[in-house]
Amino acid sequence: MTIRDWQSLDPRAAAREVHRRVKLLSPGQQRAVIASLRNEVALEQDLAAVQPNAPLSGVPYLLKDLFDLAGQPTCAGSTFLPEVRPTPSADSAIVRALGEAGAICTGKTHLHEFAYGITGENQHYGDCEHPRFPGRTTGGSSSGSAAAVAAGIVPLAIGTDTGGSVRLPAAFCGLFGFRLTPRDRFIADAFPLAVSFDTTGWFTTNADDMNLVTQTLCGSDSLSHEPRGCYLERPGMDADAAAACLCASRRLGPAADAATQRELTEAFSAAVEIYSTLVAAEAWQVHKNWFEPFRNRYDPFVWQRLNRARTIETGEVERARGQLAQVRKTWAAFFSDHDFLVLPAAPFGALTKAECTIENRNRILTLTAPASLGGRPVLTVPVTLPSGLTTGLQIVVRDVHSPVVCWALAKFND
C-alpha cells in the first residue's frame, strides 16, 4: 500500500491494518522488528485527531529506537540504556516535524545494538530477516525500520545512517531510502553512535512516497538545468550486482570519464580505514563509562568493537582527520562542476547470517564510506538482480535541497 492508499483508510481501519500486518510476522520476527507498538485504540484516536489537509495526514510510521518519544525509554537495541539514561521528557525533532505534517508514530523498531553494525543482527531481540527471503538479513543498523516497510506494515519508517545504515537496508530490501546530513536538527537529539557522521533517514516502498516525504521534510530547490553527474564503478562487486548497477545507472547519466574515475578512486582508497578509525574514536567517547560496568550486557561483537576502539592512539585519529579533510576537498571539487555522483549501494544482494563476515562488511563500507566521510545526503534506489534479490544505487547530492532528488526519483518511478 502506498501513502495515498493508507490515507484513504478511516482511522479505525488504518489502526486495525497496522496491527494485522504486524501479526503476519512470525513471533520471532515480531520481537526482532518491533521494539514497541501503540495499542489499536490509542492509534485510532491519534489518527482521527490529525489535520486532514496536512501533507502526511493519517500516515502511520515507525521510528528507529535511537529517537526519543516522551515518556518512553530509548533502548538503542540494548538492554541497559534505560538504566543509565533518563526517560525522555520530549519527542525528538523528527517526531515533532512528522507530527506537524500529519503523520502518526505507531511505535519503535529494533536495530543493531547501539547502531554499531551493518548486518541487522541483535543477540538480545533477534536478527531481522528479509521479509521476502527468510534466512537473509535486512542489513542494518536500521534493520527493524527497513523490515517493517518491506513487510508492508507501514508505508514509512525512520532510520539513521552513519556508514550506510539506511543505504544498505534499502538496497537489500528493495526500498527507496534517503539519508540527510550530520549535525542537522533531525539527528541532533538522537542517541549517538558517532556525532560527526550520524544522520537521520527514512524508507519508503516507492518513488512517489519518497518524493512526498522528502519534499515535506526538506523541501527542494528549483531545477535550473539538466543535472550533471556520472557513475563511479567500484571494486569488490559481485558480477551480477556490478552489471545490474551499471545498467540502472544509465537512467541517470554516463560512466565517469577516465580522469574522474582515477581521481575519485584514489581519493576514496582509504575511506574504510578513515571511517572506521574516526567512528570508533567517537563511539568510545559515548560508551567509555559503561564499557566495564556493563561488559556482560553488550552484544559480544559490539563489545569487541568498542574494545578495539579504546586502543586507538591519538596519532591514528589525527592522521585519519587529516585524510578526512582531503576526502572532503575532493568532494567539494567534484561538486564544483557536478550535481550528483552515482555509486553502487551494495556489492551483492541480501546476505545469509553465515555471510555476515568482517570481509563482507568491509566490501560494503568500500561503497558507503565515501559519502559518509563527505557528510553528503544520499538517495538510494533499488536495483533488481537476476536472482530476485536486490541491490541499489546511491545518488550522492550536494545538499538536502538538491533538485536532483526529485529528478532522480522520476527516473525510477516505474
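Descriptive notes on the structure:
- Ranking of GLU40, GLU121 by count of other Cβ atoms within 10 Å, fewest first: GLU40, GLU121
- For the stretch 195-332, the alpha carbon positions stretch 55, 37, 33 Å along the principal axes, listed from largest to smallest.
- Protection-proxy order for peptides 245-257, 51-63, 334-346, 197-209, each taking the mean of Cβ atoms within 10 Å per residue, highest first: 197-209, 334-346, 51-63, 245-257
- Charge dipole of the chain (Cα centre as origin; +1 on each Lys and Arg Cβ, -1 on each Asp and Glu Cβ, all else neutral): 380 debye, rounded to the nearest 20.
- Distribution of pairwise C-alpha distances over the stretch 76-136, 10 Å bins, in %: 18, 35, 35, 11
- Along its principal axes, the stretch 1-51 has C-alpha extents of 35, 22, 13 angstrom, given from the largest down.
- The Cα center of the stretch 38-104 and the Cα center of the stretch 371-408 differ in position by 26 Å.
- Whole-angstrom Cα spans of the stretch 127-180 along principal axes, big to small: 29, 21, 16
- Semi-axes of the equivalent ellipsoid for the chain, Cα gyration tensor, largest first, Å: 30, 26, 20
- Span-like helix ranges in the chain, DSSP H, alpha carbon extent 30 angstrom or more, Kyte mean at least -0.5: 314-335
- As a length-normalised measure over Cα pairs under 8 Å and 6 or more apart, the relative contact order of the stretch 87-214 settles at 21 percent.
- The stretch 118-179 versus the stretch 250-308: alpha-carbon centroid distance in Å: 19 Å
- Helical contribution to [θ] at 222 nm, DSSP H n ≥ 4, -39,500 (n - 2.57), averaged over the chain, rounded to 500: -12000 deg cm²/dmol
- As a proxy for reagent exposure, MET210, MET1, MET237 were ordered by neighbouring Cβ count within 10 angstrom, fewest first; the result is MET1, MET237, MET210.
- In units of the rule-of-thumb radius 2.2 N^0.38 Å, the stretch 61-177 shows an alpha carbon radius of gyration of 1.00.
- Ordered by the number of other Cβ atoms lying within 10 Å of each residue's own Cβ, fewest first, THR216, THR109 fall into the sequence THR216, THR109.
- Loop-located trypsin sites (Lys or Arg not before Pro) in the stretch 88-186 (DSSP state other than H, G, I, E, B) with a sparse environment of at most 14 neighbouring Cβ atoms within 10 Å: ARG132, ARG183, ARG185.
- The residues packed around LEU393, meaning those with a beta-carbon under 14 Å from its beta-carbon, carry a net charge of +4 if Lys and Arg are +1 and Asp and Glu are -1.
- Alpha carbon convex hull of the stretch 258-380, projected area averaged over orientations, nm²: 9.3 nm²
Since every read-out is calculated from the coordinates, none of them should be taken as a lab result. As the structure is a computational prediction, the values presented were derived from the model and not from experiment. For neighbour counting, all protein chains shown are included, and Cβ atoms are generated from backbone atoms with ideal geometry for every residue, glycine included.
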